[in-house]
Amino acid sequence: MHPYAAGIAAHDIERTIGMLAPDVVLHSPILASYRFRGAPDVASVLSAAAAVVHEPEVVADFGDDDRRLVGIRATVGARPIEITHLLRLDESDQVSEIRLFVRPLPGLAALLAGLGPRLAARHSWARATITRFATRPIAAIAPFYDRVATRLVTR
């Protein structure tokens with residue numbers, strides 16, 4: 001198991017963060033036009049995520065010297081979530097790039113509602129408040145949509 005995945009499996013965020021290259025880039029699963037850049041910024045995102053994502057279980061970890069895929073099952077609040085980390089590794093085996101993929105929609109929405117305000121709070125309470133109000137409707141409607149859409153497409 002790669003040390004990044006081992007940190008997740010051990011619920012040891014410091015171990016996971018310790019595998020970040022100084023110039024790491026994280027591609028957000030939520031924000032299409034923004035990248036988190038540099039170990040301090042990415043570490044703050046991963047730390048905030050660790051506070052919101054509970055009981056992560058590593059269900060996949062494979063790759064080679066250049067790339068790895070780490071699959072995780074967890075919960076955000078009461079919502080199940082699956083997160084795939086597609087990693088690019090540098091020559092020192094440190095993580096230089098992270099692309100995150102999250103499913104299902106209710107889990108992603110819960111992640112957005114839990115993580116967004118925490119990240120915005122790094123800048124100001126006003127941004128955190130705006131983000132909280134902006135994300136709550138999405139988190140509230142996603143489970144409803146999931147139930148309705150399931151019925152619409154399966155019957």
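Any read-out appearing in this document is the output of simple, stated calculations on the displayed coordinates, not a laboratory observation. What you are looking at is a predicted structure, and each value in this text was computed from that prediction instead of being measured. Neighbour counts run over all protein chains shown; Cβ positions are idealised from the backbone, glycine included.
In table form, for the structure just shown:
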quantity: Net length gained if the chain between residue 54 and residue 99 were fully extended (0.36 nm per residue, minus Cα distance); calculated: 14.2 nm
quantity: Residue-wise HN-Hα coupling along the stretch 26-38, computed from phi with Karplus coefficients 6.51, -1.76, 1.60 (Hz; x: Gly, Pro); calculated: 10, 8, 5, x, 10, 9, 5, 9, 10, 10, 8, 10, x
quantity: ³J(HN,Hα) computed for each position of the stretch 4-10 - Karplus, 6.51 cos²θ - 1.76 cosθ + 1.60, integer Hz, glycine/proline x; calculated: 4, 5, 4, x, 5, 4, 8
quantity: In sequence order, calculated HN-Hα J values of the stretch 75-83 (Karplus, 6.51, -1.76, 1.60; Hz; x Gly/Pro); calculated: 9, 10, x, 8, 8, x, 8, 10, 10
quantity: Value of Rg to Rh for the stretch 99-155 (Rh from inverse mean 1/r over Cα pairs, i.e. Kirkwood); calculated: 1.12
quantity: Ratio of the Cα radius of gyration of the chain to 2.2 N^0.38 Å, where N counts its residues; calculated: 1.07
quantity: Amide proton proximity set for residue 20, modelled H, under 5 Å, gap of 5+; calculated: 95
quantity: Neighbour-count ranking [beta-carbon atoms within 10 angstrom, fewest first] of 66, 41; calculated: 66, 41
quantity: Spacing of the two label points (7 Å from each Cα toward its C-beta) at residue 6 and residue 122, in nm; calculated: 2.7 nm
quantity: Neighbour cut-off at most 10 other Cβ (10 Å), DSSP loop, GluC sites (Glu not before Pro), the stretch 80-143; calculated: 91
